[in-house]
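Here's the structure we're looking at; comments come further down.
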Amino acid sequence: MRVLMVCSSGGHLSQLHVLEDWWGQHDTHWVTFDTEHARSLLAGRPTIWAHHPTTRNIPNLLRNFGLAVKTMLRQRPDVVVSTGAGVALPFFLMARLLRVPTAYLEVYDRITSPTLTGRLCAPLSNVFMVQWPEQTALYPRGVVVGRVF
């Protein structure tokens with residue numbers, strides 16, 4: 001299976017990276033920010049560098065949408081997986097247009113309030129996973145998978 005893992009660097013990347021037992025079995029490509037942490041964690045893995053910052057940055061949102069179009073058409077993933085943050089939205093929109101399934105894992109440290117990206121990506125997600133039962137109050141369609149970190 002071709003998997004496209006899309007996330008911001010830092011904690012978002014760390015949460016997806018710990019799922020290596022799953023994604024390591026597949027043809028996986030990464031989309032994240034070009035940071036020292038990302039370079040060390042993803043050394044030797046196919047990685048596409050997204051534009052940052054993304055928080056309320058319209059020019060980078062547009063750049064990342066262009067990157068999503070190019071990447072999705074070139075990679076033709078079977079599924080797009082993300083923990084957020086802002087970089088996920090263009091890829092989830094493009095995945096929806098191309099009818100590529102998406103899976104979103106809400107971060108573990110937002111228990112009582114939703115993240116902006118979670119709110120935006122929830123309606124675009126085929127599977128929306130949460131790490132705490134309390135998060136289902138924020139995301140009624142959320143599937144509790146437990147803590148991954």
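Treat the chain as a sphere of radius equal to its Kirkwood radius over Cα pairs and apply Stokes-Einstein at 25 °C in a medium of 0.890 mPa s; give the translational diffusion coefficient in µm²/s, rounded to a whole number.
162
Leaving out ligands and nucleic acids, note down the accessible area per residue over the chain with a 1.4 angstrom probe, in whole Å².
Computed with neighbouring chains in place, this is 51 Å² per residue.
Using only the C-alpha atoms of segment 65-111, find the volume of their convex hull and express it per residue in Å³.
67
Given points 7 Å out from each Cα along the Cα-Cβ axis, report the ARG76 to HIS37 separation in nanometres with one decimal.
The answer from the label model is 3.5 nm.
Provide the per-residue ³J(HN,Hα) series for segment 48-57, in order, calculated from phi with Karplus coefficients 6.51, -1.76, 1.60 and θ = phi - 60°, each as a whole number of Hz, with x at glycine and proline positions.
Listing the rounded values in order: 10, 8, 8, 8, 9, x, 10, 4, 6, 10 Hz.
Determine, from the Cβ-Cβ distance of PHE65 and THR136 and an R0 of 30 Å, the FRET efficiency 1/(1 + (r/R0)^6), rounded to the nearest 0.05.
With a Förster radius of 30 Å, E is 0.50.
Heads up, I need the accessible area for THR28: 1.4 angstrom probe, whole protein in place, Å², nearest 10.
10
Quick one: which residues, 5 or more positions from THR28 or on another chain, have an amide H under 5 Å from its amide H? H modelled 1.01 Å from N in the peptide plane, none for Pro or chain starts.
VAL3
Calculate what fraction, in whole %, of the accessible area of the chain sits on carbon and sulfur atoms when a 1.4 Å probe is rolled over the protein chains. The partial results should precede the final answer.
Numbers: 4250 of 7530 Å².
Ligands and nucleic acids excluded, carbon and sulfur reach 56 percent.
Using only helices, what value at 222 nm comes out for the chain when you add -39,500 (n - 2.57) per DSSP H run of length 4 or more and divide by the total residues, to the nearest 500 deg cm²/dmol?
Taken over the chain, the calculation gives -9500 deg cm²/dmol.
Determine the order of ASP78, ASP109, ASP21 by accessible area, beginning with the largest, at a probe radius of 1.4 Å. Write out the running numbers ahead of the final one.
Values: ASP78 60, ASP109 105, ASP21 135 Å².
Result, largest first: ASP21, ASP109, ASP78.
The values are calculated or read from the model by the stated rules, or taken from the named source; none is laboratory data. Remember, predicted model here, so these are calculated numbers, not experimental data. Using ideal geometry, Cβ is built from the backbone for each residue, glycine included, and neighbour counts are taken over all protein chains shown. Just so you know, the surface numbers come from the protein's heavy atoms only, side chains and all, with ligands and any DNA or RNA stripped out. Shrake-Rupley method; radii C 1.70, N 1.55, O 1.52, S 1.80 Å.
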